[in-house]
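Down below is the structure, laid out as structure tokens.
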Amino acid sequence: DGGITQSPKYLFRKEGQNVTLSCEQNLNHDAMYWYRQDPGQGLRLIYYSQIVNDFQKGDIAEGYSVSREKKESFPLTVTSAQKNPTAFYLCASSENVDQPQHFGDGTRLSIL
Amino acid sequence: KNQVEQSPQSLIILEGKNCTLQCNYTVSPFSNLRWYKQDTGRGPVSLTIMTFSENTKSNGRYTATLDADTKQSSLHITASQLSDSASYICVVRRAGGYNKLIFGAGTRLAVHP
């Protein structure tokens, strides 16, 4: 079945540590996205990529980094510079930036 | 400012009852509006999408309406089931610009037996 796979489901970060969230899709989509979801708020865009080897900052990119070396993969690194990383992180993909987005099942990141 | 406001924040209903969720938006220029269902701990799944010219669209027991003049949408759930317990998110796509999707905070629905 085609879809988006996020891993791990749960992740814990120590102070000063960088952690990387995985997102893989086999839908052959060009565009991929990372969102952050906090209680009582709408999803906020962290980064998006329209095509391989290209990515753009969203509204809340500070403290995060991404790479897009392969079409299928769009990993997100939460760096130690992100002072409030506890949240539910959702990855999405679409054929292009004008098409509907399909979401993965998320990674919940917590601080130890 | 482009915003999407949803009400109520949370709702509890008994199994078998109907309910209506509201979405008001100030997004401009408007492209389309989509309702998503998000189960706890899962990603959002699309229920319906509505463009400017559409007033009503159904997907099984889910019926969405759109009034583009007043910039309001509603999602009506008929004969609710326990499996309808989830968050329902209204998302408006803005025409043009790089960050085209504006997400509402969602309505958390609990269906009790």
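Points worth noting:
- The residues of the stretch B:1-27 that are of a type in the set (S, T, N, Q) and within 14 Å of chain A (Cβ to nearest Cβ), listed by number, are B:Asn2, B:Gln3, B:Gln6, B:Ser7, B:Gln9, B:Ser10, B:Asn24, B:Thr26.
- The number of residues in the stretch B:49-86 being polar (S, T, N, Q) and closer than 18 Å to A:Ala92 by Cβ comes to 0.
- The stretch B:72-100, subset of a type outside the set (S, T, N, Q), modelled with pLDDT of 95 or more and surrounded by fewer than 18 Cβ atoms within 10 Å (Cβ to Cβ), residue farthest from A:Ile60 (Cα to Cα): B:Ala79
- Flag if A:Gly106 is on the phi > 0 side of the Ramachandran plot, within 11 Å of another protein chain (Cβ to nearest Cβ) and touching a residue at least 24 places away in the same chain (Cβ under 8 Å): yes
- Single match in A:Leu90, A:Leu11, A:Leu76 (criterion: touching a residue at least 60 places away in the same chain (Cβ under 8 Å), more than 10 Å from chain B (Cβ to nearest Cβ), under 14 Å from the mean Cα position of the chain (by Cα) and surrounded by 13 or more Cβ atoms within 10 Å (Cβ to Cβ)): A:Leu11
- Some residue of the stretch B:14-27 being acidic (Asp, Glu), more than 28 Å from A:Tyr89 (Cβ to Cβ) and in contact with a His (Cβ under 9 Å, 6 or more places away or on another chain): yes
- Looking across the stretch B:48-71 at every residue that is surrounded by 13 or more Cβ atoms within 10 Å (Cβ to Cβ) and either touching a residue at least 40 places away in the same chain (Cβ under 8 Å) or of a type in the set (Val, Ile, Thr) (or both), the one that is nearest to the other protein chains (Cβ to nearest Cβ) is identified as B:Ile49.
- The residues listed here are A:Ser65, A:Ser73, A:Ser22; of these, the one that is among the hydroxyl-bearing types (Ser, Thr, Tyr) and within 18 Å of A:Glu95 (Cα to Cα) is A:Ser73.
- Here the strands (runs of 3 or more DSSP E) wholly within chain B that include at least 2 residues being within 24 Å of A:Gly3 (Cβ to Cβ) are B:30-38, B:45-51, B:86-94, B:101-103.
- Looking only at the stretch B:82-113, and only at residues there that are under 18 Å from B:Ser46 (Cα atoms) and away from chain A (no Cβ under 14 Å), the one that is farthest from the chain's Cα centre (by Cα): B:Ser83
The values are calculated or read from the model by the stated rules, or taken from the named source; none is laboratory data. Keep in mind the model is a prediction, meaning the values are calculated, not measured. Cβ: placed from backbone, ideal geometry, glycine included. Neighbour counts: every protein chain shown.
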